[in-house]
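Asker: Once you've had a glance at the structure underneath, I'll fire off some questions.
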Amino acid sequence: MDENKLRRLLTRMTALVVAVCLILLLITGVIVAYSIRSLRDYMYEQMQAEAQEYKKRIFRQMDSDFQLLHSLAAFLELSDVAAMPRQAFADGLYQINAANDFVSIAYFAREGEGVIDTLGYGTEADYPLAACNEDVKKAVMQSMQGEDAVSRMFESEVSDGRVYVYSVPVYEGDQVVGVLAASDHLDIFADILDGDTVLGGNGYIHMIGSEGKFLVRSERSIVKESGLSSIFDGPYIPEDEEEELLSCLARQESVFSSFRYEGQECLFYLEPVGLNGWYLFCANTVSDAGASLYPILLAVGIAFFLVLALAVFLLFYGYSQVRKSNTQLVRLAYYDALTGAENALRFSQKLEGCQQQAEEYSILALNIRHFKFYNEIFGKKMGDRLLCDITQAIRADLGEGEFFCREAADLFYLLIRDTKESSIRARFGCMVQQIKKAALGERNRYALSLYCGVAVKGGMMQALLAQQSIKNTYTTAVAFYDEALHEKERRKNRIESHMQAALESGEFKLFLQPKMDLRTGALAGAEALVRWQTEDGSILYPGDFIPLFESNGFCAKLDLYMVERVCAHLRAWLDAGIPPVPISVNQSKLLFYEGDYMERLESLVHRYRVPPRLITLEILEGLAAEHLEDINARIAQLHDRGFRVSMDDFGSGYSSLNTLCQLKIDELKLDQGFLRRASREGDARRFLILEQIVELARKLGLSTVAEGVETQEDADLMRRLGCQYGQGYHYSRPICGRQFDSQYMEPSAAR
Ligand code: C2E
Ligand code: CA
Ligand code: CA
């Protein structure tokens, strides 16, 4: 996943988390709002119920006071007050008051004269109504009309605090003759209002007059300021709502509202008492009221916040982790662990970008000549260091818009912005100098040699092909990919895509080249050589496809196919009654080591009923040099089954006489290069060696075959050296089976 993709994914994830958080927030908000609303409703109901309860208690209190006054009034009615001496009446009043808890008790006659007894102040026998305050007068006058009355509250002159007055009429017959009045402290309400049970012990109830003045203000109050005379003085009512509230009070309506005090939300409720315009004023803080609900709301809030914080934390933690592991993955996916250079995958991605943009560039495939030897000489550690140093040097050399990678081992690809051949060569020259300086320094005097293939505006494969074209040369350091290479590549692709079908349709033909007895000049055998006769009739020679088949593994199949063709040909001779000659078949290294090689060979000779001694298997000299014991074991198995084994091309590579002595072969084929140099190029030393080899082979009991006998002189020379057989153009080129038969195997043919 690249960085952009990851970022997009994370953005989507973040958006999702934010959306989920918002939804959660919304839900929580709705729940909280709903809870608060329910709480308010609940509080409203609670306040209303409690106010009603208090109202009842107030009325109960008043009723009991009135009842008391009524019984006293009835007693006075019976006692004929008018006839009673004033002092005696005053004493009687004193007795009554002492037995009750009124502040004062008074009697006013119709004419206005009165008697009053005040607790602690004694009795005044002559206290006119006119001396009383307006509130008392009003209540008394109301009772003179035959009604029970309660006065408004007023400041008592004789005792602390405010008092109010009850008054009841006193009758004589149907006539109201006077009024019995008693005043009492409002403390009696204050006691009630201070009760801890108010609003579940959290709220407070006050009593106010119709104009908002506090009549009784609870000692314990939410609003701490003392001396507030009206609800309009405190924080209760915002100024702009005063008017409206006043008119509500005037209409004796109940009011439910809220205010803020010391940062808390408080609710209040105004319930008209139904007497003198009085109101019960209940107030409570929301948190107190919701004491049980609040912790839950708080917990929900905190939990939500924690979840939110956790989500945000996890999001960012996840983001950083994903980023980190992505960076690591990118490193693993795009970078070479040893040198830290980018790898081929990354290089090809970047290259693709350049190709799409139709930019000017060239690809260089750079390689170290015989890096394997460097590793062997200096050790793997130093080899690794050399690669790192080369990486550094290349990195330092590249300019803007240029990049490189290490593909594998010692193969580097570079993309440079040059396209001109001469400047690329010059650039490569400089680069090699830099690399040598950086890589080797004073370390050693190893002749580091680098070579590279260049594909101008091409791809990595083309640069590599160009590079491989000079792999085995020492003189060329730079090769450009061109039409010839292109054609070669095309041909290779064509061959690879057709080989299987060609094998199945019999396009691979058996050609035979005779092997002659050098002494008698008679036919002694033949070598099977493959020719590829393509659909269009053209012929491909082994040199065109065998090396490719060896590298792609197809050679093993082809070789067995050739063995089969040889078997078929031998069978045909046998069937025709023609005395057969042995035929040699070339066997590639791959096939020789295949597990079921023996069984397959055996089954072929079995199927065609061919004596195995008529088949000679030619193995390459290089094969023997590697695993002598394995090879000998293999050869022994072939001998057991009756096959003959020949060593091909002896003397073409790093031949060793030691190997020759140890190898249990039956025949030695001397490479044609030997004869060419010894005979035609007059190389006397070579001649001597050849002579010794033939001599050695003879002593080892091996038959010898000279390859590349092109002239009679060649044949004579080899015969003189003691070589037994010759093969070459002097006798015949490889020819197709039919031609070989007519030329060598017909009864009339000279053998
Ligand atoms: P080789 O096994 O050494 O075969 C001899 C090659 O030398 C043949 O080339 C032959 O045409 C050529 N030759 C024969 N006489 C002369 C001569 O007097 N002068 C010169 N200059 N050349 C001569 P060819 O047929 O092109 O085969 C080339 C190589 O391809 C063979 O070399 C062999 O290694 C390989 N090859 C051919 N057929 C097969 C096959 O069926 N299987 C495998 N594995 N390799 C094969
Ligand atoms: Ca051969
Ligand atoms: Ca050969």
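Asker: Is the shape of segment 287-443 rounded, prolate or oblate, going by the alpha carbon gyration tensor and its root eigenvalues a ≥ b ≥ c, with a/c under 1.5 for rounded and a/b larger than b/c for prolate?
Answerer: Prolate, because a/c is 1.5 or more and a/b exceeds b/c.
Asker: So the label point goes 7 Å from the Cα of TYR446 along Cα→C-beta, right? Which residues of segment 347-386 then have their backbone N under 16 Å from it?
Answerer: In segment 347-386, the label zone of TYR446 (backbone N under 16 Å from the point 7 Å along Cα→Cβ) covers 367-386.
Asker: Dividing the convex hull volume of the alpha carbon atoms of segment 268-354 by its residue count, what do you get in Å³ per residue?
Answerer: It comes to 165 Å³ per residue, whole-number rounded.
Asker: What FRET efficiency do you get for ASP80 and GLU147 if R0 is 25 Å and r is their Cβ-Cβ distance, rounded to the nearest 0.05?
Answerer: Taking R0 as 25 Å, the efficiency between ASP80 and GLU147 is 0.60.
Asker: Compute the FRET efficiency between GLU691 and LYS380 as 1/(1 + (r/R0)^6), taking r as their Cβ-Cβ distance and R0 = 56 Å, and round to the nearest 0.05.
Answerer: It comes to 0.80.
Asker: Counting each DSSP H run of 4 or more residues in the chain as -39500 (n - 2.57), what helix-only mean residue ellipticity at 222 nm follows after dividing by all residues, to the nearest 500 deg cm²/dmol?
Answerer: Helices in the chain give a 222 nm mean residue ellipticity of -15500 deg cm²/dmol.
Asker: Follow-up question, since we're still on this one. Using a Förster distance of 35 angstrom, determine the FRET efficiency expected from the C-beta separation of GLN356 and TYR319, and round it to 0.05.
Answerer: With a Förster radius of 35 Å, E is 0.65.
Asker: Would you mind pulling out the separation of the Cα centroids of segment 102-180 and segment 68-95, in Å?
Answerer: About 14 Å separates the Cα centre of segment 102-180 from the one of segment 68-95.
Asker: Next question, about the same structure. Leaving out ligands and nucleic acids, and using a 1.4 Å probe, what accessible area per residue does segment 556-688 come to in Å²?
Answerer: Accessible surface, normalised per residue, equals 45 Å².
Asker: I'd like to know how the chain sits against the 2.2 N^0.38 Å rule of thumb: what's its Cα Rg over that expected value?
Answerer: 2.31
Asker: Continuing with this model, one more query. Of ASP397, ASP184, which has the most accessible area with a 1.4 Å probe, and how do the rest follow in descending order?
Answerer: Result of the area sort, largest leading: ASP397, ASP184.
Asker: For the chain, which DSSP H helices look membrane-span-like by this rule: Cα extent along the axis of 30 Å or more and mean Kyte-Doolittle of at least 1.6?
Answerer: Sorted by number, there is nothing, because no helix extends far enough and scores high enough.
Asker: Please calculate how many Å² of accessible area segment 383-487 carries per residue, with a 1.4 Å probe and no DNA, RNA or ligand atoms counted.
Answerer: 49 Å²
Asker: With each label point set 7 Å from Cα along the Cα-Cβ vector, what nm distance links SER229 and ARG251?
Answerer: Here the modelled spin labels are 2.9 nm apart.
Asker: If you don't mind, another one. What part of the accessible area of the chain, given as a whole %, is carbon or sulfur when the probe is 1.4 angstrom?
Answerer: Looking at the chain in its full context, I get 53 percent from C and S.
Asker: Modelling each spin label as a point 7 Å along the Cα-to-Cβ direction, I'd like the GLN662/GLU241 distance in nm, to one decimal.
Answerer: 11.2 nm
Asker: Which listed residue (PHE545, HIS606, ALA250) has the Cα farthest towards the positive end of the charge dipole for the chain, taking +1 on Lys and Arg C-beta and -1 on Asp and Glu C-beta about the Cα centre?
Answerer: Ranked along the dipole, the leading option is HIS606.
Asker: Taking only C-alpha pairs under 8 Å that are 6+ residues apart, what is the relative contact order of the chain in percent?
Answerer: This gives 7 percent for the chain.
Asker: Calculate the spin-label point distance for SER742 paired with LYS488, positioning each point 7 Å from the Cα along the beta-carbon direction, and give it in nanometres.
Answerer: Spacing of the two 7 Å Cα→Cβ label points: 3.9 nm.
Asker: Please compute the per residue accessible area over segment 236-345 with all protein chains in place, 1.4 Å probe, rounded to a whole number of Å².
Answerer: Solvent-accessible surface per residue comes out at 55 Å².
Asker: Also: For GLU527, GLU507, GLU691, give me the order by solvent-accessible area with a 1.4 Å probe, most accessible first, ignoring ligands, DNA and RNA.
Answerer: GLU691, GLU507, GLU527
Asker: So what J values fall out for segment 585-594 if you push phi through Karplus, 6.51 cos²θ - 1.76 cosθ + 1.60 with θ = phi - 60°, rounded to Hz, Gly and Pro as x?
Answerer: Each residue of segment 585-594 in turn: 10, 6, 10, 7, 4, 4, 5, 4, 9, 5 Hz.
Asker: Which shape class applies to segment 62-155: rounded if a/c is under 1.5, otherwise prolate when a/b exceeds b/c and oblate if not, where a ≥ b ≥ c are the square roots of the Cα gyration tensor eigenvalues?
Answerer: rounded
The values are calculated or read from the model by the stated rules, or taken from the named source; none is laboratory data. Predicted model only: the values in this text are computed from it and were never measured. FYI the Cβ positions are ideal-geometry reconstructions off the backbone, even for glycines, and counts take in every protein chain you see. Heavy atoms of the whole protein, side chains included, go into the accessibility calculation; ligands, DNA and RNA do not. Shrake-Rupley method; radii C 1.70, N 1.55, O 1.52, S 1.80 Å.
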